[in-house]
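The values are calculated or read from the model by the stated rules, or taken from the named source; none is laboratory data. No experiment lies behind these values; they were computed from the predicted model shown. Virtual Cβ from ideal backbone geometry, glycine too; neighbours counted across all protein chains shown. With ligands, DNA and RNA removed, areas are computed over all heavy atoms of the protein, side chains included. Shrake-Rupley method; radii C 1.70, N 1.55, O 1.52, S 1.80 Å.
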Amino acid sequence: MDYLTAKETALKWNISSRMVAYYCKAGKVAGATKKGKTWLIPIHAEKPRDNRMCGNKVVIGDDPELQGGLRKINSMDSDNVSVYCISDVYKNLGLTRETLRYYEDIGLITPERNKNSQYREFTFHDVSRLMTIDFYKKRGFAPLEIKELMKSGSHGGYNQISKKISEIENNIRVQQRIVKRLSETKAFCEYAALSANIFSVKELPLYSVFKIFDAVSALNDYKDSVLAFMDLQEDDILSSLVRAVTFDRSGYKGSKMCIVKQTSQNKQAEGKYYLEHGKCLHTVLEAVSHDDSLMEKMFFAAYQWAEKNNAVFKGVVYIFIRFVELSGQTERNFYEIFIPLK
């Protein structure tokens, strides 16, 4: 019978000679015999089935060559005794000195200090921990949350993922609402630039009235008269307040503050109070806060328009604050005015 050496067989089977020897020793090659330290394999012997492959799974335990290679690779990290200074770490990991100090202050990392110089020295374990921190940071976890994950033990990070997803989705909804309000405010400012002090007829949407009280300056009443009817997470006070001023041809008769919220036209309910809605004389005015001349100017200008256009008022004017411009210690308010028409 003709034989090949393990080296020759390895070339024929396209594997390592060490793997050929492993197959022979395990009795997986029919007719293989050992002469001294050399394995002789029949020339027509078939290559054993590679049991390392099971579907897509590699069974490393069957392969001493792979086992040795893995141990060598793992030892490159586990046996790494390199020490890095702080500049090595922040330059090569894309961090800042301030970030590293903060991580150390809150206990995320605990680098040793050189006994002589007292400079921080970072081990490979510290570097690995910093990359793990970055992993969670890029998934929305704050440093203090990552510290809590470190305390939670096995599966702590996995168990917090769903909670973090819900938290971020809620934050997205909040930010979307803020973007919507900013867009509405921007649109009003653009409209106000073209419409200031110009009268036109415009529909006032339906507003529900939740509370009526005497004066905007009655701060002691705000808890019960204002805040109790607002969603403090959603609504701001200025946008919830509307001044309703009653008048006739002789002048203004009274003033009330209303807590309102815009509602659908089909949701009117009996027993609830609403602002007069429908067609109104409309304009936009701007003035420094507490400008007492504003109301008088608006009164005469509105009646001049009514006389020219044969219009009759219902005797109330609604004043909305739509935008406030800050300038030093002063505020300039932009008002949207609706005067319901008969």
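Do we find a residue being exposed (fewer than 15 other Cβ atoms within 10 Å of the Cβ), touching a His at 6+ places or on another chain (Cβ under 9 Å) and touching a residue at least 24 places away in the same chain (Cβ under 8 Å) anywhere in the stretch 204-213? Even if it seems obvious, please write down each step before you answer.
Going residue by residue through the stretch 204-213, those that are exposed (fewer than 15 other Cβ atoms within 10 Å of the Cβ) are 205, 212.
Now drop any that are not touching a His at 6+ places or on another chain (Cβ under 9 Å), which leaves 205.
Add one more test, that the residue is touching a residue at least 24 places away in the same chain (Cβ under 8 Å), and what stays is 205.
Within the stretch 204-213, one or more residues are exposed (fewer than 15 other Cβ atoms within 10 Å of the Cβ), touching a His at 6+ places or on another chain (Cβ under 9 Å) and touching a residue at least 24 places away in the same chain (Cβ under 8 Å).
For LYS186, state whether it is part of a helix (DSSP H, G or I), within 19 Å of LEU238 (Cβ to Cβ) and free of Cβ contacts under 8 Å to residues at least 40 places away in the same chain.
Details: part of a helix (DSSP H, G or I): yes; within 19 Å of LEU238 (Cβ to Cβ): yes; free of Cβ contacts under 8 Å to residues at least 40 places away in the same chain: yes.
Judged against the criteria, LYS186 is a match.
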Next item on the list: May I ask you to list pairs of residues, at least six apart or on different chains, whose Cβ atoms are under 6 Å apart, with the first in the stretch 294-312 being under 15 Å from CYS280 (Cβ atoms) and in a helix (DSSP H, G or I) and the second being at pLDDT 90 or above and of a type in the set (D, E, K, R)?
Entry: none
Notebook entry, point to check: Of the residues that sit in the stretch 253-286 and are surrounded by 17 or more Cβ atoms within 10 Å (Cβ to Cβ) and aliphatic (A, V, I, L, M), which one is nearest to VAL201 (Cα to Cα)?
Noted result: LEU281
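Name the single residue, out of those in the stretch 313-326 being open to solvent by 70 Å² or more (accessible area, probe 1.4 Å) and part of a strand (DSSP E or B), that is farthest from THR185 (Cα to Cα).
LEU326
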Next item on the list: Kindly provide the set of residues from the stretch 215-247 that are surrounded by fewer than 13 Cβ atoms within 10 Å (Cβ to Cβ), charged (D, E, K, R) and touching a residue at least 24 places away in the same chain (Cβ under 8 Å), ordered by number.
Entry: GLU234
Item checked: Count of residues meeting criterion [part of a strand (DSSP E or B) and either among the basic types (Lys, Arg) or farther than 14 Å from TYR90 by Cα (or both)] in the stretch 119-143 -> 1
Margin query: Looking at ASN116 and the list (1) open to solvent by 60 Å² or more (accessible area, probe 1.4 Å); (2) in a loop (DSSP other than H, G, I, E, B); (3) modelled with pLDDT of 90 or more, which single condition is not satisfied?
Written below: (3)
Next item on the list: Could you grab me the full set of residues in the stretch 159-192 that are touching a helix residue (DSSP H, G or I) at 6+ places or on another chain (Cβ under 9 Å) and open to solvent by 80 Å² or more (accessible area, probe 1.4 Å)?
Entry: ASN159, ARG181
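Between SER250, SER293, which is under 47 Å from the mean Cα position of the chain (by Cα), at negative phi, open to solvent by 30 Å² or more (accessible area, probe 1.4 Å) and hydroxyl-bearing (Ser, Thr, Tyr)?
Every option except SER293 fails the conditions.
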Check: Residue check: is LYS211 in contact with a strand residue (DSSP E or B) (Cβ under 6 Å, 6 or more places away or on another chain), at pLDDT below 90, at negative phi and in a strand (DSSP E or B)?
Finding: yes
